[in-house]
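All remarks here apply to the structure that follows.
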Amino acid sequence: GSLRVWLLALAPVALAKDACPHACPLHFHMGSDDPLALLQMTAHIRDKTESNKGPGNTESKKMGSNPWTRGKEIIRSFHSPKEGNRPTAADMSGVGSNQSGDLVIFSLSLLCNSTLVLLGLMIFRKVQPRFPLIYSNNVLNGTAPGPKPSDTFWGWAQASWRLRIHDVIQSNGLDAAMLLEFCHLIMKILGVLGAPLILILGPVHWRLGGNRSGDDNLSKWGMANVIDNSHLYWVHSGTVWVTVILVQWLIFRAQRRFMKRRKLWLMSLPAPRATTVLVENIPEEHCTDAKLKVFFEHMFGKGAVVEATVVKHSHYLCSLVDSKQRHVQGKEEALFQLSSTGERPTFIGLSGRQDTIKWYEEKLKELDSLIKAEKKRIETTAASEDAARPPVVARVVSEGSSDDDFVPPSLPFSKSIHSSSGFVTFKKRKDSEMALCCLLTSNEDECTVSMPPDPADVIYYDLRKNPMRQHLHHLFGYSCILGLFLSFMPFIICISTLTRLELLQSKVPLFNYIVTEYPAITTIWDALMASAALNLFMSFLPTFLSIIFYSFFVLKAEAWLQLMLQRWYFYFLVVYVLLVTAVGSSLTATAQELAQSPFYIFSLLATTMPTASHFYLNYVPMQWVIHAMNLTRYWNLIKFMAFRTILDDDTARARSEPEDQDYYGIGSRSARFTLNAVICLVFSTLSPLITALGFINAALCRLIYGYLMVFAETRKPDLGGVFWCTQLHHLQQGMFLYLTLMTGVILQRAANPWPGALCACSFGYMAISYRRFDSFFKWEHLPLEDSGDCKMEHKMSPRTSRQTYRQPELC
């Protein structure tokens, strides 16, 4: 009978070898009928329990006689193999465990970070009136909505807060507006959720938790102050349900409002983007402008297509155009030098001293003639290929043959000047929407149709790539991402080692003197450097990812690069920032452990993440400092001041824009915004104070980036809310992490499995809600019933600087 009780107690944790058999010397199976295996298991459990008994042993008293509690302690020991003094990923990245003196460190962190934020705002206010081209250029050119920001200290913040989402959509596009709307959503979630957590659940932890945290005063308000086997874990299970339902309700509510904005955005798309489709993997028999137009008119009716253009291989022409652009910039610099000094600039060449301006003019004339000749060659070759290709013949299948035996007559595709991608512009919006939903050929890999990017944002180089080579390049690209994912930890170790105070004391005498004379500097260093170092580590990732994406993937547009960056950067941040404590000493070893025992994730997160909650209380305020630094636009200011020495102000501003899109682009910003929100939600029940910090962070993001995107930065290409939808997906995925963590914690600490079972039931609700989100909201395309209501005006729109999808070098 005792054996059966033990088996029932261990069953919820050790199902299907999920009790981490590698950590346990016995590879037992709960369904085994082998009496020898049961006796061995019984003896092992008895040895484990007897080893905990003895005079003065308080651990056995804490375990008590509850079989569920005793089974949890044994399984916990199985899941915690001894690793000696081997450092973990958290130790190497500076993520420390909770300690009794963390309240002082947290207070200093708040004070220092708040001071740095005020310092950043003061610097911004000092340089803003002196460099209006950098900080208020959209106000100067009249594209910023609303009244001009006042010259007071908080004038910029008032102008930013008064912005309406509708005005931001008109001036900066739907993507920028929805990034600000995401800040509103996070403020609502953390405000509605954080108020009862801090004002009700926090005092309950403090007064009724049992003082488990001891001298750790920072944990008094959190779940760490609740002793094991407490009845409060029933309250926590209910809190988990309330959190999940509230977050999902607010997400669905926000997405419904987005659907209305997305529909209006699609209906008001300017020509030619609204009536154009991007066609990839075009068959060889249709790979000319004329044949592609005939192919689509055959399906949609004669006269339905306004223009069809296949992307041409124009590598040499592009190199000539780039060379001409560089020479134009050199001539501008020489003319500015002439206007500044009054003397014509010269240089010493092979034929002696030459006039710089005349040399650039001669080179530009030479390049113009080469460009003209190359354009004519491409046009002539394209026309000859179109004439050489026989007309498209209907596929008549003779008796005894199959459709697969038909080979269309065509020129060798590898020698053609036409690529396999092109753009088709229709006369009516309804035809373009139908083309996006139709299967054009029997082969689904042929003539794949998608919504095109902005004409000014297209990367024609990617569209010229060979389709067969694209798959090989993608394989190399994913291999590089995997290599970066696995090798990023040594990079973290290298930088983290350089920032350790002990190393600096031993290598730099100045640090040793400062620490010796002012011991309090150690506490300030611990309060700031751990979070600052981790932020520094992750700031390099977008650049590495961008290099991989540019080198191996077909991006088609700069905005799509930002979308790929958002998706991958977010998962890197989750692993190396949020889950770094659960990685242990080896990422690959932890992954193998989870692959063999998937349910081990509950115990892993419950054992590691709650002990690092204080680090994230310091991590979130560090984000405030980063936002304040971004407000100063220091890199753009440095570039502007450097270019202003050799160029006029307007040209220098144009050269200094835009900001670095690897780190400051909307993709990276969206990933970081979502990570900060996920961190606050994951630790909201464990440490309710983090919800207040996250609310302040979201409010700062709304103020600072609302001003930057609308009043200072140049307008970016717009994908119509794709980044918003990706953020909501990531936010819901973060809720699954929250449920996994809370289920593991409650299962480990509760007196019986029922509070944990109640908490685990929320997985079903979350899974259904997550799946319903995708099926309920179809936002990608405009419904056919609404496509007839669109009034297309073929005139230059403020949203785009080009009215054709022909390659710029051929226009």
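The values are calculated or read from the model by the stated rules, or taken from the named source; none is laboratory data. This is a predicted model, so every value here is computed, not measured. No Cβ is skipped: glycine too gets one built from the backbone with ideal geometry, and neighbour counts run over all protein chains shown. These accessible areas exclude ligands, DNA and RNA; they are computed on the full protein's heavy atoms, side chains included. Shrake-Rupley method; radii C 1.70, N 1.55, O 1.52, S 1.80 Å.
A few comments on the model shown:
- Coil-residue GluC sites (Glu not before Pro) of region 305-359, DSSP, other Cβ within 10 Å capped at 11: Glu343
- Taking the 1.4 Å solvent-accessible surface of region 191-268 as the whole, the part contributed by carbon and sulfur is 67%.
- Contour excess over end-to-end distance, with Cα ends at Ala290 and Tyr513 and 0.36 nm allotted per residue: 72.5 nm
- The label-point distance for Asn217 and Leu472, in a model that sets each label 7 Å from Cα toward Cβ, rounds to 6.6 nm.
- Summed over the residues of region 184-259 and divided among them, the accessible surface reaches 43 Å² per residue at a probe radius of 1.4 Å.
- Simple spin-label estimate for Asn281 and Ser100 in nanometres, 7 Å along Cα-Cβ: 6.6 nm
- Accessible area of Tyr664 (1.4 Å probe, protein heavy atoms only, ligands and nucleic acids ignored): about 30 Å².
- Cα gyration tensor, region 185-318 - rounded (a/c under 1.5), prolate or oblate: prolate
- Estimated at the nearest 10 Å², the accessible area of Cys438 is 70 Å² with a 1.4 Å probe.
- Cα centroid of region 651-685 to Cα centroid of region 150-218, whole Å: 17 Å
- Here r is the Cβ-Cβ distance between Leu504 and Ala387 and R0 is 56 Å; the resulting FRET efficiency, rounded to 0.05, is 0.15.
- Global form of region 538-634, assessed from the alpha-carbon gyration tensor, a/c cut-off 1.5: oblate
- Nitroxide proxy distance, nm - points 7 Å out along Cα→Cβ at Trp241 and Leu118: 4.6 nm
- With a 1.4 Å probe rolled over the protein heavy atoms of all chains, the accessible area of Lys220, Lys430 falls in the order Lys430, Lys220, largest first.
- Accessible-area ranking of Ile746, Ile547, largest first, probe 1.4 Å: Ile547, Ile746
- The residues Cys761, Cys725, sorted by heavy-atom accessible surface at 1.4 Å with ligands and nucleic acids left out, run Cys761, Cys725 from largest to smallest.
- Additional length obtainable on full extension of the chain from Ser340 to Leu199, 0.36 nm per residue less Cα span: 44.2 nm
- Leu370-Asn535 FRET efficiency (beta carbon distance; Förster radius 41 Å; 0.05 resolution): 0.25
- Heavy atoms of His231: accessible area, 1.4 Å probe, square angstrom to 10: 150 Å²
- Computed extension length for Tyr461-Met299: 55.4 nm, one decimal, from 0.36 nm per residue of separation with the Cα-Cα distance subtracted.
- Estimated FRET transfer efficiency when R0 is 25 angstrom, pair Phe736-Phe544 (beta carbons, to 0.05): 0.40
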